[in-house]
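Beneath this line is the structure, given in structure tokens, with notes to follow.
The values are calculated or read from the model by the stated rules, or taken from the named source; none is laboratory data. What you are looking at is a predicted structure, and each value in this text was computed from that prediction instead of being measured. Here the Cβ positions follow ideal geometry from the backbone for every residue, glycine too, while neighbour counts run over all protein chains shown.
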Amino acid sequence: MRHRVARRKLGRVTPHRVALLRNLATSLFDKERIRTTLVKAKELRPYAERLITMAKREDDRLHARRLVLRDIHDPDVVKKLFDTLGARFATRPGGYTRILRLGPRRGDGTEMAILELLGSEYKPETKDAKAKAKETAKPAKGEKADKTEKKDKAAKPRAKKAKGEEAKA
């Protein structure tokens, strides 16, 4: 019987399972969005949310940082967790992540999911933003292009001529 047994084993021995959760949490905090199996995402959610709650602590930040460093071994990710993510979720009482189901994986049919932190949703560019980006990339009609662009344009025909001469010889 499985009375009072809370966690999934994920088909791994305990040290491997702990390492898996640590690596998934590190990737989640670094990229703010990861694609994994649904079961791993469901198992990672409480683990990651506990770490975010520690990062929100105001009373004993040094101790909290050391507690998080036990699980997240990348100092840059811990810095991001405490500086940006802790500040982002400072007023939120919990529920920092979202699981989006993707459907079965093509190879073995395992249910896949995206686990993302709230506030890091995908926002496609609008047509106005694309137009502004195009305008800033191109010089205006009256302006001259940079000297480096002229050099690059001049170098390309020479290279083609050199290749053409080799082909004739």
**Request:** Collect the residues in region 29-51 that are crowded, with 20+ Cβ neighbours inside 10 Å, among the aromatic types (Phe, Trp, Tyr) and more than 10 Å from the chain's Cα centre (by Cα), keeping them in residue-number order.
**Result:** none
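Which is modelled with pLDDT of 90 or more and surrounded by 14 or more Cβ atoms within 10 Å (Cβ to Cβ), of 22, 66, 12?
Numbers: 66 fails: surrounded by 14 or more Cβ atoms within 10 Å (Cβ to Cβ); 12 fails: surrounded by 14 or more Cβ atoms within 10 Å (Cβ to Cβ).
One residue alone meets the criteria, 22.
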**Request:** Only residues in region 59-71 that are under 17 Å from residue 46 (Cα atoms) count as the first member; pair them with residues that are in a helix (DSSP H, G or I) and charged (D, E, K, R), Cβ under 8 angstrom, at least 6 apart or cross-chain, and list the lot.
**Result:** 71/22
**Item:** Close pairs (8 angstrom Cβ cut-off, 6 or more residues apart or separate chains): part of a helix (DSSP H, G or I) in region 126-137, exposed (fewer than 11 other Cβ atoms within 10 Å of the Cβ) and not aliphatic (A, V, I, L, M) anywhere
**Value:** 133/125
